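Each value in this text was obtained by applying a stated rule to the coordinates, not by laboratory testing. Computed from a predicted structure; not experimentally measured. Here Cβ is always computed from backbone atoms with ideal geometry, including for glycine, and neighbour counts include all displayed protein chains.
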Amino acid sequence: MPKRCPVARENKYFSQEIRQLLYGRGRNSYRILFTILEREDLSIVRILHIRNASQQTIGEDLEKPDAT
């Protein structure tokens, strides 16, 4: 069931596949970022971070380049 969740926008900054689950509505919306660790006999979901949906993408530069 965790593979039904889309790949997160942070995925391009990490070597493992990062997926997201959206939880809540409106201003109380959160993105649950997780990865799936698959083994022969077992799959484990590891929660990496819970972020407000309006927060900046993890891995993006905090400073924007000057337009000058």
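For the chain, relative contact order (Cα pairs under 8 Å, six or more residues apart, normalised by length) works out to 24 percent.
Scanning the chain for trypsin sites (Lys or Arg not before Pro) that sit in a DSSP loop and have at most 13 other Cβ atoms within 10 Å, the longest stretch containing none of them is 40-68.
Using the Cβ atoms and a cut-off under 11 Å, what net charge is assigned to the surroundings of Val7, where Lys and Arg are +1 and Asp and Glu are -1?
Working: positive: Lys3, Arg9, Lys12, Arg19; negative: Glu10, Glu17.
Net charge around Val7: +2.
Obtain the nm distance between the two label points defined at Ile44 and Met1 by a simple spin-label model: each point lies 7 Å from its Cα along the Cα-to-C-beta direction. Distance between the two pseudo-spin positions: 2.0 nm. Each Lys or Arg adds one and each Asp or Glu subtracts one; over the other residues with Cβ under 15 Å from the Cβ of Arg19, this totals +4. For Rg/Rh (Cα atoms, Kirkwood Rh), the value computed from the atomic coordinates appears in the list [x] 1.24; [y] 1.30; [z] 1.07 under label [z].
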